[in-house]
Structure formats: C-alpha cells, structure tokens
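Only one structure is covered here, and it is reproduced in the block below.
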Amino acid sequence: MRGEPEGFCEFVATRTGGLLRTAWMLTGDAHLAEDLLQAALARTWPHWHRIGEHPEAYVRRVMVRLQAAWWRRRWNGEVPTGELPEASAPDRYGEADERAVLAEALRGLPRRQRQVVVLRHYEDLPEREVAQILGVGVGTVKSQNAKGLRRLRAALAACERTEELR
C-alpha cells in the first residue's frame, strides 16, 4: 500500500476553498462542485509526484475536463422552475438578486464559454494560461470569452428591464 504523496495533504488543506469556488462556478451547484473537486483530487493523487511546480493549474485542468465529460453525459431536457409571486414590499436584497441572476446566466452559458469566463474572470487567469488549461488556442479563449460576456451582459440587461417594469 502506497503512502500519502509528499505535499498532497498540505495542498488539499490550503487550496480546497479556492478550488471549491472554481468548481462551484463551473457546475453552479454546491453538491456537484464538491463531487467535482473530490473526483479531480482523486484523479490527481496517483500522479502527484510528477505534477511539478503548478499543482493548482493541474487540478483546475482536471476539473475542467471532468466537468466537460459530465456535461456531455448530462440530460439537458426540461428543468422544472416555479413562478415567484410578485413582491409586495420594496426589495432590500438587490445585490443578492443580482448575484443570483448572474449565477443563473452563467449556468446558461455553453460549456466552453462558461469555462473560459470562470477561469479568465473569476480565477483572474491570463488568456494564455486559460488556453493551456483548456487545451485550446489563445484566439479561442478570446472569442469564447467575448461571446460569454456578451450573453451575460444581455441576461443582466434583461433582468434590469424586468425590474423596471415592476
């Protein structure tokens, strides 16, 4: 039986929070994010000794690839939603609502656009590193980022128009 790879436990202890946030941004669901991170760490563990100086980038790449595989297998049919009653009092939680709208819009992006937007803007990675993690060219990162941001802006603008009508 093999022992724990050197530095793996320390890495997990120090970087789980950040990696879990990235996983949540990729999946849009807290439970799926935990599953994604756990699966990525489980796949990383046997190869830990050869990962090198940038283990976080390696784990992110594994998460992105796993999420893409899950996305392909997932059923994309109807999703039940409920109609919320109209608010009778002024909304005091606008910022939380905006975050919810943004999260919903992010979940609505195609897989590649979502991956690029999360890695580029949430993780604040340079285009070159995002391209390397995703295994695509920098031009693809730029175009997918532009398309993703355009869709997010449109979703936020639609939400603002809806708020104005209330």
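The values are calculated or read from the model by the stated rules, or taken from the named source; none is laboratory data. Source: prediction; values computed, not measured. Ideal geometry is used to build each Cβ from the backbone, glycine not excepted, and the neighbour counts take in all protein chains shown. Just the protein is used for accessible areas: all its heavy atoms, side chains included, with ligands, DNA and RNA removed. Shrake-Rupley method; radii C 1.70, N 1.55, O 1.52, S 1.80 Å.
Accessible area per residue for the range 4-67 in Å², computed with a 1.4 Å probe and the full protein assembly in place, what is it?
55
Using mean Cβ contacts within 10 Å as the protection proxy, how do 100-108, 7-15 order, highest first?
100-108, 7-15
For the full complex of protein chains and a 1.4 angstrom probe, list Met63, Met25 by accessible area with the highest value first.
Per-residue accessible area, sorted high to low, gives Met25, Met63.
If you roll a 1.4 angstrom probe over the protein chains with everything in place, what fraction of the accessible area of the range 6-58 belongs to carbon and sulfur, to the nearest %?
Percent of accessible area from carbon and sulfur atoms in the range 6-58: 55.
Between Asp35 and Trp48, 0.36 nm times their residue separation minus their Cα-Cα distance comes to what?
2.7 nm
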